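Scroll down for the structure; my scribbles are underneath it.
Here, each number is a calculation from the coordinates, and none is a lab measurement. Just so it is clear, the model here is predicted, and its values are computed rather than measured. Methodologically, a virtual Cβ is constructed for each residue, glycine included, from the backbone with ideal geometry; neighbour enumeration extends over all protein chains shown.
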Number of protein chains: 4
Amino acid sequence: MTPIRLGMVGGGAGAFIGAVHRIAARLDGQFQLVAGALSSDPDRARASADELGIRSYDDFTQMALAEAARADGIQAVSIVTPNHMHAAPAAAFLRAGIHVICDKPLAATPAQAAEIAGAVSEGRARFFLTHNYAAMPMVREARALVQDGALGQIRLVQAEYLQGWLSDDTHSKQAEWRTDPARAGAGALGDIGTHAWQLAAFVTGMTPSHISADLSSMVPGRPIDDDARVALRYATGAKGGIWASQVAVGQENGLSLRVFGTRAALDWRLEASEKLVLSPKDGPAQILTRAQDRSASFRTPPGHPEGYLEGFANIYKDVAAIIRGDSSHAVRVPGLADGLSGMAFIAACKASAKQDSAWVEVAA
Amino acid sequence: MTPIRLGMVGGGAGAFIGAVHRIAARLDGQFQLVAGALSSDPDRARASADELGIRSYDDFTQMALAEAARADGIQAVSIVTPNHMHAAPAAAFLRAGIHVICDKPLAATPAQAAEIAGAVSEGRARFFLTHNYAAMPMVREARALVQDGALGQIRLVQAEYLQGWLSDDTHSKQAEWRTDPARAGAGALGDIGTHAWQLAAFVTGMTPSHISADLSSMVPGRPIDDDARVALRYATGAKGGIWASQVAVGQENGLSLRVFGTRAALDWRLEASEKLVLSPKDGPAQILTRAQDRSASFRTPPGHPEGYLEGFANIYKDVAAIIRGDSSHAVRVPGLADGLSGMAFIAACKASAKQDSAWVEVAA
Amino acid sequence: MTPIRLGMVGGGAGAFIGAVHRIAARLDGQFQLVAGALSSDPDRARASADELGIRSYDDFTQMALAEAARADGIQAVSIVTPNHMHAAPAAAFLRAGIHVICDKPLAATPAQAAEIAGAVSEGRARFFLTHNYAAMPMVREARALVQDGALGQIRLVQAEYLQGWLSDDTHSKQAEWRTDPARAGAGALGDIGTHAWQLAAFVTGMTPSHISADLSSMVPGRPIDDDARVALRYATGAKGGIWASQVAVGQENGLSLRVFGTRAALDWRLEASEKLVLSPKDGPAQILTRAQDRSASFRTPPGHPEGYLEGFANIYKDVAAIIRGDSSHAVRVPGLADGLSGMAFIAACKASAKQDSAWVEVAA
Amino acid sequence: MTPIRLGMVGGGAGAFIGAVHRIAARLDGQFQLVAGALSSDPDRARASADELGIRSYDDFTQMALAEAARADGIQAVSIVTPNHMHAAPAAAFLRAGIHVICDKPLAATPAQAAEIAGAVSEGRARFFLTHNYAAMPMVREARALVQDGALGQIRLVQAEYLQGWLSDDTHSKQAEWRTDPARAGAGALGDIGTHAWQLAAFVTGMTPSHISADLSSMVPGRPIDDDARVALRYATGAKGGIWASQVAVGQENGLSLRVFGTRAALDWRLEASEKLVLSPKDGPAQILTRAQDRSASFRTPPGHPEGYLEGFANIYKDVAAIIRGDSSHAVRVPGLADGLSGMAFIAACKASAKQDSAWVEVAA
């Protein structure tokens, strides 16, 4: 099958998430990267493009127009810039009829989010958001179990995303923009809290109606949240919590989700991502593996560990299928609605924090 | 060494915690149970006492007086009645000069707690509260590590106590009084939340100044909380959370504590109680075992698992030493202050819940 | 119920296993230690007995006669001496009509084992051997699962007992006699290998017909095996292995058993002794806990970890029941047959090792 | 950088390992698959090639000649046929000056292995063998720790590779040739035992001098081994074991390695492949992660799980570097020596098994 022609905005040399998108895009052979505006610094953009052997643009607006005009132009673009630089390129490519695969969170501000929503609503191209964890096989199986009613009525939801890498006032390239309110919009809340929020919603099929948040900047002088504790209330009466922290010393990438229903509970942890523990109300807990996964979101037999990159690649694989006209799995690929929900989560948390953790309604 | 003569109030046939106290008392050979008012039902009291081969009393008041008058009377008494029946016997024995080892929480109401505090203040005998988890070796080592500064400044504290046994409207003897507001005072909050509260305070050496609570009765018709989510703020700027639930399906007795400081983090879980994971800010996590425990709170070499009963017995062992005049380890045995702190925790949570989770100061 | 009067041979101050037996005996309140010949050094014997408040004897022969003659003499005796000193006291007490609870392995030599067997065959008293691990709840459940056919036909059996404490030429009291061929008879093979051998047989209900052994003395100059690798063949065609080592650095007390059948597999590990993983041929693995245990070999609800001492106490509890005339659980208490099987295992391993690991038949 | 042009022999539609090689080859963007003789059935070969968009050959001999003659011909070829079909294509491509990346084990017979060795010795191209597990980051770190002396002198080595998928007489395509002596050469021994053998040698830097093997065909009627227990003796005095089984019900892909030295021990398990437990003789065990890995064999930060495919890709990445002239990491890529060692292991096991597990020297 001919690979889909892909472009990229951001992701120049030294970028973390750009490299991840590139691997994810090529892992299943469904995409070929052919063009990029890889950096806002034109020299760096060109050097990075040369290294990758792709067409280089100084500017994403120019790129959108030029690629749309080429017969062999890109069919989709990956946007892997800092949060505040998602909206402008996303809108430009969408309006040029080029599908957008955008890194999360959706944007740094509600206004930027609205800009993307507006462009999506014009209907010229599709928009996808890489909430990659929701594409891992056992997470998809968790969702299927909830949908099947295996958990009964859900009562308790607890999602955590704990990292320790920002426990100091470090100044790496990765750390710098993530702790800058103007570029990131939110700190731990946006960078990893939205992952936890989306993961919980993806698996449970429910979104909290109200939240109460306590946001902290644990590192002295940090102008953005680095620890967020959020209590959740669902319209169904279920309760829950999200805890996102980047000062949790010793935690590398501690994402986890626990869901308790009237009939059974689920426990999934990224550090053992190929296992899903299902604990029925009565009887022993079961360790589900890919042998039980019905989503077929993998490439190798159970016991051959797949992980973060393969999860990311699952999104690209599904996007490729959608672009090729097969929408059978479209429902499982995160998109604009997930992005807007994440922005609503961030906004509600900030509002609650300003009111000393008062319960705040989450915009639908 | 001659065993210390012990009495018991409550703990008749079929009682769970009474049997635990008896095993804990005799495990190290330091106590001999000789008398009891084992039930409020005189026939049952007598039958239970006969079974144990001890003196029986119909009434704890009479027992306190009679035992205090005997040359070979009891030196200490274990109180293992439901929460609302702690205060009266505790006060009676304390005033009779007999040391009291009381189950937690301290009482069902603040008035009852005050009654105990009053009797303790008269100084005729000592009062101990069986927050048994704080007596387990790796918990004691956790506290020692914090005291040594191994964690640096503490930023985050998360304690959980999750059980699933009350996820239905069951009617066992154990469940019955625990879900009755009059006898229990509080539900999950009192029965297990106070354990989590005390455990966090014991290890960190800090008590939150303010809390925000969301209390639920997940089982329809239940007149008491069965799920409690509590956010914590410490005067130092540290944040934390306590989550106590008795509707967490599949959880048998899921007590855990995580503490994150500026230099390192600790993770302890009851289900693997002989391990303590210490994660330094830099460098690999370490799995501490009793080989590293400095409290010497065990009987067998590392690798020979000790557990719940041995932890309980550690309290009895320390109490025996104190009664015998060796106060070197007195500081690690929970007592009145822990009990009052637990009552303040419950009161603050109830107050916060009534104000829709407003932050409430915890009485010192 | 009146406790059974118990004596002890060996187990003076500083002894490890003597203290364990004493705790196990009193944990369930079924025994009262009243007499002892606690050391071959009369002064030490007396001092230890005084410390425990029991009758002291200089000599176990004298003790057997004297106690048998007393109206309030001991009904059972625990023998906790080094291996070469099991036979003489065991025979003396058995012949005096006093039940014997003997530590493992049965003896240091086949002749000593025969001496015990002879005394048992006279039928005056019962003989029990403290293969304590076989008394832990999940091990008993493992056996029940095999008996129920849950595993189908057993194909593979792997038992390991790995310790690291003898990886050096240390000279502790515990290490000293265990590395002396005269007193121990065998090294890792006898001290821990016999546990693994008995555990495998207890759970599977099968004993290998042939073994092939490679014995090593890894520590230079050590006159006894400290590492034993044994291949197993069963008459049914099943295969297996036992690996016992005391030079496995970093291992505290690593006992484990894995059994694979045609229908399912079992995995039990002492370090997580309250779990038993049952892996069906098809479908997810299940984590069994005491909630699934049908042996009722515990005192507290699932999730309240019991361990080594409670397992040991389960033997004493069953012995008490047998002495009191209730033989309903007699089949699960190890005794002479287990001891003789262990001796046959040691003998076969030594014979195989002498013939460069040739397959050797294990005496029935 | 321009991708290296790659060919493939075997790996037509439905093949497991062919698909894995293709993903591994493209994951880091270093290779582009351009030609193949994907099946011995010409129609299937062509259909598979069309699907992949590559040049198709009916015959690998013809392919080797044709590609060598093209200016844009392949620079390397992946051989992913059944074991008995490695030698002929390997020799053809090597002699055509095309580098060979061959799946393991080296061959089905010693004669075939010799044929490959002969072609390699002619020196026209390089030969690599995909013992992929040795390319996983924590395995490489394990080897580095041994080389650094962190373990002291190695005493005990235990490698296991347990699978359950052949516990029945199943007839899948994968199962069929693997249980056919003519095509596979050996069963569990060759398919997974050689992985365990190579892994142990890779990490420890030592190869056993003698082995004693017990081979079984547990499934009735199976003409090849499906369970292999092998005892190991090293010239240094170290001892060890390899256990490879494909009838270990419930095991998906249970590869593990434990190494015990005089100073520390290592424990690595594929199911938690991103962790390496280092247990010093004294002091707590440490959980090493990629944060401690010095091989830089990964693409994402620690905590973002990489697994089987990324390990496989590490080999391709190193091969690409070697082909491009950077031999700095050549030492860590398995090749002919590993393959011949694996063949010697198989031969010694078969010889030992024929002599009822006699100790047999392993050909150097």
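Placing pseudo-labels 7 Å out from each Cα toward the beta carbon at D:D356 and D:R183 gives an inter-label distance of 3.6 nm. Considering the rotation that superimposes chain A on chain C, the residue of A whose beta-carbon lies nearest the axis, and that distance in Å, is A:Q286, 3. Taking amide H positions as modeled 1.01 Å from N, with prolines and chain starts lacking one, the residues under 5 Å from C:L255 and 5 or more places away or on another chain are C:L162, C:L270, C:E271.
Contact order, relative form, for chain C: 19 percent (alpha carbon pairs under 8 Å, 6 or more residues apart, mean separation divided by residue count).
Taking amide H positions as modeled 1.01 Å from N, with prolines and chain starts lacking one, the residues under 5 Å from C:A285 and 5 or more places away or on another chain are A:I287. Rounded to two decimals, the Cα radius of gyration of the range D:4-129 over 2.2 N^0.38 Å is 0.95. Each other copy holds its own label point for C:R183; taking that point as 7 Å from Cα along Cα to Cβ, the gaps run 5.6, 6.2, 7.0 nm, nearest first.
When the P(r) of the range C:231-364 is calculated, the portion above 17 Å amounts to 73% of the C-alpha pairs.
Any of C:K104/D:K354; C:K104/C:K173; C:K354/D:K354; C:K275/D:K275 with alpha carbons more than 26 Å apart? Name them for me. Too far apart for the 26 Å limit: C:K104/D:K354.
Highest GNM mean-square fluctuation among D:M138, D:M218, D:M63, for chain D modelled with Cα contacts below 10 Å: D:M218.
3J(HN,Hα) along the range C:240-253: x, x, 10, 10, 10, 9, 10, 10, 7, 3, x, 8, 7, 7 Hz, from the Karplus curve 6.51 cos²θ - 1.76 cosθ + 1.60 with θ = phi - 60°, whole Hz, x for Gly and Pro.
Here the simple spin-label model places points 7 Å from the Cα toward Cβ, and for C:A363 and A:A111 these points are separated by 9.3 nm.
Among C:G311, C:G18, C:G221, the largest mean-square fluctuation in a Gaussian network model of chain C, built with springs joining Cα atoms closer than 10 Å, belongs to C:G221.
Estimate the FRET efficiency between D:R269 and B:L65 by the formula 1/(1 + (r/R0)^6), using the beta-carbon distance for r and 51 Å for R0, to the nearest 0.05. Once rounded, the FRET efficiency stands at 0.20. Result for chain A in a Gaussian network model with C-alpha springs under 10 Å: among A:F16, A:F31, A:F128, the largest mean-square fluctuation is at A:F16.
For the range D:209-298, the Kirkwood estimate of the hydrodynamic radius, built from every pair of different alpha carbons, is 15.8 Å. Computed over neighbours whose Cβ is under 14 Å from that of A:S121, the net charge equals +1, Lys and Arg +1, Asp and Glu -1. For the range A:294-364, the calculated P(r), taken from all Cα-Cα distances in 5 Å bins from zero up to the bin holding the longest distance, is 3, 14, 16, 15, 12, 11, 10, 10, 7, 2, 0 percent. Rounded to the nearest whole angstrom, the semi-axes of the ellipsoid equivalent to chain B, taken from the Cα gyration tensor as √(5λ), stand at 32, 25, 19, largest first. Sorted from nearest, the other copies put their D:T236 label points 3.9, 4.6, 5.7 nm away, the label point being 7 Å from Cα in the direction of Cβ. Computed from the C-beta positions of A:D168 and B:D148 and an R0 of 25 Å, the FRET efficiency is 0.70 to the nearest 0.05. Between this copy and the others, label points of C:A114 are 5.6, 8.1, 9.9 nm apart in ascending order, each placed 7 angstrom from Cα in the Cβ direction. Altogether, the Stokes-Einstein calculation at 25 °C and 0.890 mPa s, with the Kirkwood radius of the protein assembly as shown over Cα pairs as Rh, returns a diffusion coefficient of 71 µm²/s. Taking amide H atoms as placed 1.01 Å from N in the peptide plane, the amide H of A:Q32 lies under 5 Å from those of A:I4, A:R5, A:L6, each 5 or more residues away in sequence or on another chain. Sequence-ordered 3J(HN,Hα) estimates for the range B:305-315 from the Karplus curve with 6.51, -1.76 and 1.60 and θ = phi - 60° stand at x, 9, x, 4, 5, 5, x, 4, 5, 4, 5 Hz, glycine and proline given as x. Taking one quarter of the surface of the C-alpha convex hull of the range B:101-176 gives a mean projected area of 8.6 nm².
Projected onto its three principal axes, the C-alpha set of the range A:50-96 covers 29, 27, 16 Å, listed from the longest axis down. Scalar couplings 3J(HN,Hα) for the range A:194-207, obtained by applying the Karplus form with A = 6.51, B = -1.76, C = 1.60 to θ = phi - 60°, are 5, 4, 5, 4, 5, 4, 4, 5, 4, 6, 7, x, 10, 10 Hz; x denotes Gly and Pro. Classify the range A:1-76 as rounded, prolate or oblate from the Cα gyration tensor: take a ≥ b ≥ c as the square roots of its eigenvalues, call it rounded if a/c is under 1.5, otherwise prolate when a/b beats b/c and oblate if not. Since a/c reaches 1.5 but b/c is at least a/b, the shape of the range A:1-76 is classed as oblate.
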